[in-house]
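The values are calculated or read from the model by the stated rules, or taken from the named source; none is laboratory data. Model, not experiment: these values are computed from the prediction. Glycine gets a Cβ as well: all are built from the backbone with ideal geometry, and neighbour counts include every protein chain shown. Please note that ligands, DNA and RNA were not included when accessible areas were found on the heavy atoms of the full protein model with its side chains. Shrake-Rupley method; radii C 1.70, N 1.55, O 1.52, S 1.80 Å.
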Amino acid sequence: LRSPAPVQSRLQRLRNKGYVTWIEGKARTIKPLKVKKPGIVIKGAIAAGGLVEPFTDEQSILELPYLVNQNEYYALRIEGNSLVDEAIAHEDIAIIRRLAPGETVKNGEIVAANVEGYGVRLGRYTLDFSEVTLISFDQETILKIPRKTVKIQGVVVGIWRDN
């Protein structure tokens with residue numbers, strides 16, 4: 001290089017983005033900062049059939065760099081086998097997109113729903129006036145509940161299987 005200017009401008013961009021820092025006026029003080037790993041946070045478990053307690057803590061990161069916007073998506077580990085007909089098995093990871101403000105869920109979509117007093121559940125969503133129906137894919141577990149007791153956490157957009 002004939003000039004340090006291109007290197008300095010690139011370093012300044014990295015500093016502005018929060019990747020590095022340095023002490024002004026001192027040589028050899030460039031220090032990398034802790035960078036959040038790209039990926040989707042696995043926040044806990046969700047029932048496929050019965051009900052489980054709502055997720056509480058972040059467990060780990062599903063590393064899918066640059067495929068999705070981290071802020072709009074999160075993941076939950078599936079517990080139960082009632083989704084086998086849909087090729088979704090126990091211990092798979094459901095990738096869920098949060099709903100945008102004002103967005104409504106369409107009938108027939110697979111959703112993660114927090115059912116008041118019961119927990120978080122995965123099922124096919126149907127709204128019929130003031131009643132929400134959540135159907136598991138084995139057709140055995142059908143919840144019909146008042147609309148105001150259900151909070152839709154998000155829509156399932158994909159399934160990840162480790163093995």
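Entry remark, region 21-36: residues being modelled with pLDDT of 90 or more and closer than 30 Å to Leu62 by Cβ number 2 in total.
The set of residues from region 57-99 being open to solvent by 70 Å² or more (accessible area, probe 1.4 Å), at pLDDT below 75 and in contact with a strand residue (DSSP E or B) (Cβ under 6 Å, 6 or more places away or on another chain) comprises Glu58, Gln59.
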